[in-house]
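Peer 1: The following block contains the structure, expressed as structure tokens.
The values are calculated or read from the model by the stated rules, or taken from the named source; none is laboratory data. Source: prediction; values computed, not measured. Heads up, the Cβs are rebuilt from the backbone with ideal geometry, glycines too, and the neighbour counts pull from every protein chain shown.
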Amino acid sequence: MINDPILLNDWHVVARAEDVPEGTLVGVRLLGENLVLWKVNGQILAWRDLCIHRGTRLSLGRIEANQVICAYHGWTYNTEGRCVRIPAHPEQVPPAKARVQTYQVRVRYGWVWVSLGNPEQDVPTFPEWDDPSFRKVFCGPYPYRASGPRAIENFLDVAHFPYVHEGLLGDRDHTAIEDYEASIGSDGVTADNIRIWQPDPDGLGQGAMVTYTYRVFRPLTAYFVKTSAGPKFAIYFAVTPVEEVECIGWMWLAMNYGYDVPEEDLRGFEDRIVAQDIPIVESQRPELLPLDLQAELHLRCDRTAIAYRKYLRELGVTFGTA
Ligand code: FES
Ligand code: FE
């Protein structure tokens, strides 16, 4: 098990809830651990994907009568993860320590969140989720061969828009970033009032001056809302730390306009943006995000990234950072 109490005791998205139907064992990976997800009586369970007999992956097995049966010798586990039957010794009561490691699960925003430890806080709130005037569009999952903190920092970065997203989120004639403030509080990082000209802020083909507010709720869950004279466009972004330099991005878009635009178009726009970001993020060295602010050059425009790195350092996040 990794040595990062902050991420071990945090919630992480591992799947969409709809991708864990009853009757199926779904193998996923989180923080270097293999997990198996399965759904029974409407509830999703997350276990270590390891049979305690000989270490076979339980996700290779099958579900019968609300029990998981290992593919190798048929040891059978109930919904609490306790072994209730050893077919080679049908008369024997399985020893009490014959149980798999189980983990806490939350289903929120259509996603399955798992913690490998004991979280002190709930899954971060998605401000627009319960507001019906905002249309929600799911985007992703987006796999990156990069550390989770690198993916989040890219999400917080605005100075790259005219270069990486030229013609969409930025314009070479509008590269200057005006001054703005970023701060760290008990509820994470906030950066406010970042004003930028965007040729096509949301894929609808209309240029606008937009104002961004960024939030980092938790080390790997971030959010922004951008506004321009009425329309509001938000993204809630959760990153799964799969390995130190491997992660998966999950997104919800929320917008209070453009109700008639086909969902595929909005998702296609976001897919295009993320596909522009991924090669940049995967190329960054060092692969682990340096939390020592002396390690790289930081300018005024990087205030959000500076606050993010300080926040990770204050918390003591080690997985994916240096
Ligand atoms: Fe699972 Fe033997 S390894 S039953
Ligand atoms: Fe980008």
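Peer 1: Could you please tell me which pairs satisfy a Cβ distance under 7 Å, a separation of 6+ or placement on different chains, a first residue in segment 287-310 that is within 19 Å of Phe161 (Cα to Cα), and a second residue that is in a loop (DSSP other than H, G, I, E, B) and β-branched (Val, Ile, Thr)?
Peer 2: Close Cβ pairs (under 7 Å, with a partner that is in a loop (DSSP other than H, G, I, E, B) and β-branched (Val, Ile, Thr)) amount to Cys301/Ile177.
Peer 1: Separate question: Working carefully through the options Ile6, Ile2, find the one that is more than 10 Å from ligand 1 (Cβ to nearest atom), assigned to a loop (DSSP other than H, G, I, E, B), within 29 Å of Val239 (Cβ to Cβ) and in contact with a Leu (Cβ under 6 Å, 6 or more places away or on another chain).
Peer 2: Residue meeting the stated conditions: Ile2.
Peer 1: Pick from segment 42-59 the residues that are closer than 21 Å to Leu31 by Cα and free of Cβ contacts under 8 Å to residues at least 24 places away in the same chain: which of them is farthest from ligand 1 (Cβ to nearest atom)?
Peer 2: Restricting to residues being closer than 21 Å to Leu31 by Cα and free of Cβ contacts under 8 Å to residues at least 24 places away in the same chain, the top hit is Asp49.
Peer 1: Among (1) away from ligand 1 (no atom under 16 Å from the Cβ); (2) more than 30 Å from Arg272 (Cα to Cα); (3) among the aromatic types (Phe, Trp, Tyr), which single condition is Trp129 missing?
Peer 2: Among (1) away from ligand 1 (no atom under 16 Å from the Cβ); (2) more than 30 Å from Arg272 (Cα to Cα); (3) among the aromatic types (Phe, Trp, Tyr), the lone unmet condition for Trp129 is (2).
Peer 1: Related question: Tell me which residues, restricted to segment 277-286, are touching a residue at least 24 places away in the same chain (Cβ under 8 Å) and surrounded by fewer than 17 Cβ atoms within 10 Å (Cβ to Cβ).
Peer 2: Passing the criteria: Ile280, Glu282, Gln284, Pro286.
Peer 1: Also, I was wondering about something else. What are the residues in segment 61-78 that are surrounded by fewer than 15 Cβ atoms within 10 Å (Cβ to Cβ) and within 19 Å of Tyr103 (Cα to Cα), if any?
Peer 2: Within segment 61-78, just Asn66 meets the criteria.
Peer 1: If you don't mind, there's one more thing I want to ask. Can you give me the ranges of the strands (runs of 3 or more DSSP E) entirely in segment 22-126 with at least 1 residues that are modelled with pLDDT of 95 or more and more than 20 Å from the chain's Cα centre (by Cα)?
Peer 2: Fully inside segment 22-126 and qualifying: 33-40, 43-48, 62-64, 67-69, 83-85, 102-108.
Peer 1: Given the options Arg99, Arg195, Arg145, name the one that is in contact (Cβ under 8 Å) with a residue 12 or more places away in the chain and closer than 30 Å to Arg82 by Cβ.
Peer 2: From the options Arg99, Arg195, Arg145, the qualifying one is Arg99.
Peer 1: Go through segment 182-227 residue by residue and tally those that are in contact with a Lys or Arg (Cβ under 7 Å, 6 or more places away or on another chain) and exposed (fewer than 14 other Cβ atoms within 10 Å of the Cβ).
Peer 2: Total satisfying the criteria: 1.
Peer 1: Report yes if Thr211 is free of Cβ contacts under 8 Å to residues at least 60 places away in the same chain, of a type in the set (S, T, N, Q) and not in a loop (DSSP other than H, G, I, E, B), otherwise no.
Peer 2: When the stated conditions are applied, Thr211 passes them.
Peer 1: For Arg99, state whether it is within 16 Å of ligand 1 (Cβ to nearest atom) and farther than 30 Å from Lys232 by Cβ.
Peer 2: Considered against the rule, which asks whether it is within 16 Å of ligand 1 (Cβ to nearest atom) and farther than 30 Å from Lys232 by Cβ, Arg99 comes out as yes.
Peer 1: If we scan segment 24-44, do we find a residue that is out of contact with any Gly (no Cβ under 8 Å at 6 or more places or on another chain) and of a type in the set (Asp, Glu)?
Peer 2: Yes, that holds for at least one residue.
Peer 1: Under 8 Å between Cβ atoms, at least 6 apart or on separate chains: pull out the pairs that start in segment 159-175 with a residue that is touching a residue at least 40 places away in the same chain (Cβ under 8 Å) and within 18 Å of Thr211 (Cα to Cα) and end on any residue that is near ligand 2 (Cβ under 7 Å from one of its atoms) and aliphatic (A, V, I, L, M).
Peer 2: Correct list of pairs: His165/Ile273; Leu168/Ile273; Leu169/Ile273.
Peer 1: Please tell me if Tyr109 is buried (at least 19 other Cβ atoms within 10 Å of the Cβ) and in contact (Cβ under 8 Å) with a residue 40 or more places away in the chain.
Peer 2: When the stated conditions are applied, Tyr109 passes them.
Peer 1: With respect to Val158, is the statement that it is assigned to a loop (DSSP other than H, G, I, E, B), at pLDDT 95 or above and aliphatic (A, V, I, L, M) true?
Peer 2: yes
Yes/no matrix, rows are residues, columns are (1) closer than 22 Å to Gly140 by Cβ; (2) crowded, with 20+ Cβ neighbours inside 10 Å:
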| site | (1), (2) |
| --- | --- |
| Gly258 | yes, no |
| Asp265 | yes, no |
| Gly268 | yes, no |
| Asp271 | yes, no |
| Pro290 | no, no |
| Gln294 | no, no |
| His298 | no, no |
| Leu312 | no, yes |
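Peer 1: Another question about this same structure. Just for segment 145-171: of the residues that are surrounded by fewer than 22 Cβ atoms within 10 Å (Cβ to Cβ), on the phi < 0 side of the Ramachandran plot and away from ligand 2 (no atom under 12 Å from the Cβ), which one is nearest to the chain's Cα centre (by Cα)?
Peer 2: Arg145
The rows are residues; the columns are (1) within 17 Å of Lys226 (Cα to Cα); (2) of a type outside the set (A, V, I, L, M).
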residue: Val164; (1), (2): no, no
residue: Arg172; (1), (2): no, yes
residue: Tyr180; (1), (2): yes, yes
residue: Ile184; (1), (2): no, no
residue: Asn193; (1), (2): yes, yes
residue: Gln198; (1), (2): yes, yes
residue: Leu204; (1), (2): yes, no
